[in-house]
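The values are calculated or read from the model by the stated rules, or taken from the named source; none is laboratory data. If you're wondering where the values come from, they're calculated on a predicted model, not measured in any experiment. A quick note on method: Cβ atoms are made from the backbone with ideal geometry, for glycine too, and the neighbour counts reach across all protein chains shown.
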Amino acid sequence: MFLEDVKIIENIQIADNYYLMRVKGDKIPKYSKPGQFFMLQCKDKSRVLRRPISLHNVDADTLEFYYESLGRGTEEFTKLSIGETINIQGPLGNGYDTDLEEKNIVVIGGGMGMAPIKYLIKALKDSNKVTFIGGGRNAGAVKIIERFDFENIQVKIATDDGSVGIKGNTVDLLKEILKDQNQNIDIIYTCGPHPMMEAVAKIAQENNIRCQISLEERMACGIKACVGCSILTKKV
Ligand SMILES: Cc1cc2nc3c(=O)[nH]c(=O)nc-3n(C[C@H](O)[C@H](O)[C@H](O)COP(=O)(O)OP(=O)(O)OC[C@H]3O[C@@H](n4cnc5c(N)ncnc54)[C@H](O)[C@@H]3O)c2cc1C
Ligand code: FES
């Protein structure tokens, strides 16, 4: 884990309240894997807590963050200009296990859960057969996927209002894929709203398919010190 002042090289609005920030750093990009996140520091020191944002993509010396302007912290990020620096801490979290070959994989991203998916697909696509299912409230919520590299990937989209893809949700599309007897899915990866991930995990369990989910909770420290982000996964 590192602390680094990284330089902003792009910070653009993708749609509605959705933004993409690209930063250039020296050491951090080399050690990051899909599903991990960074704690971004606000310039306004009255916002003491850093804001956790997932790693969207990594290139040689750049990182991308896809974020939604929700409250004062993330709104402050939207105002940062090219050339300014931002202090980031990371990479944090376990990330996804992507060390797989020749598997039939379904990747499901819903809403802001699209954040770790670009890098995840990049890590999986060359050695595996990947189907991507994406969903969101409306066209704005899925606009970011226009920037994903979908070469050799089967893509299925659902939106609540039917403005892009089918009118419905990602779970409907997963059920449709599972009906196809030729599809022998080895593993499902997902990130998105908790009810969506719960439904996906249940379907995976019922069909005896491995499933990796990326959980997120409101955070304070981000480094396992306060136990504020614990999530009940199993009743004992
Ligand atoms: C591991 C992890 C990874 C994340 N990755 C991303 C990402 O890639 N892109 C992104 O846009 N957001 C991500 N989030 C959520 C993001 O951290 C919050 O939206 C952000 O901290 C809100 O800060 P704020 O100051 O703008 O809002 P605040 O003023 O703190 O809160 C404004 C609103 O945001 C809600 N909120 C605050 N924290 C969270 C949270 N952790 N999850 C959901 N809602 C929250 C509050 O309930 C409130 O309604 C992630 C969260 C975690 C824990
Ligand atoms: S935020 Fe997870 S332990 Fe502190």
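Structure notes:
- Tally, over region 215-236, of residues that are among the small types (Gly, Ala, Ser) and either loosely packed, with under 11 Cβ neighbours inside 10 Å or assigned by TED's automatic domain parsing to the domain that holds residue 192 (or both): 2
One line per residue, one yes/no per condition, for (1) surrounded by 13 or more Cβ atoms within 10 Å (Cβ to Cβ); (2) within 24 Å of residue 226 (Cα to Cα); (3) among the charged types (D, E, K, R); (4) within 19 Å of the chain's Cα centre (by Cα):
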residue	(1), (2), (3), (4)
16	yes, no, yes, yes
22	yes, no, yes, yes
26	no, no, yes, no
37	yes, yes, no, yes
60	no, no, no, no
80	yes, no, no, no
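- Any strands (runs of 3 or more DSSP E) falling wholly within region 1-108 and containing at least 3 residues that are away from ligand 1 (no atom under 12 Å from the Cβ) and either at negative phi or without any contact (Cβ under 8 Å) to a residue 40 or more places away in the chain (or both): 2-15, 18-24, 85-92
- Among the residues listed as 126, 97, 160, the single one being within 20 Å of the chain's Cα centre (by Cα), over 30 Å from residue 26 (Cβ atoms) and acidic (Asp, Glu): 160
- Residues in region 214-235 that are free of Cβ contacts under 8 Å to residues at least 40 places away in the same chain, small (Gly, Ala, Ser) and near ligand 2 (Cβ under 6 Å from one of its atoms): 225, 228.
- Taking the listed residues 220, 225, the one that is assigned to a loop (DSSP other than H, G, I, E, B), away from ligand 1 (no atom under 14 Å from the Cβ) and farther than 19 Å from residue 171 by Cβ is 225, with no other qualifying.
- Hits in region 188-214 (condition: surrounded by fewer than 12 Cβ atoms within 10 Å (Cβ to Cβ) and within 14 Å of ligand 1 (Cβ to nearest atom)): 195
- If you go through region 173-211 and keep only what is in contact with a Ser or Thr (Cβ under 7 Å, 6 or more places away or on another chain) and over 25 Å from residue 36 (Cβ atoms), you end up with just 177.
- Selected residue (criterion: nearest to ligand 2 (Cβ to nearest atom)) from residues of region 108-120 that are surrounded by 24 or more Cβ atoms within 10 Å (Cβ to Cβ) and among the hydrophobic types (A, V, I, L, M, F, W, C): 115
- Test result for residue 40, within 16 Å of ligand 2 (Cβ to nearest atom), touching a Pro at 6+ places or on another chain (Cβ under 9 Å) and under 30 Å from residue 133 (Cβ atoms): yes
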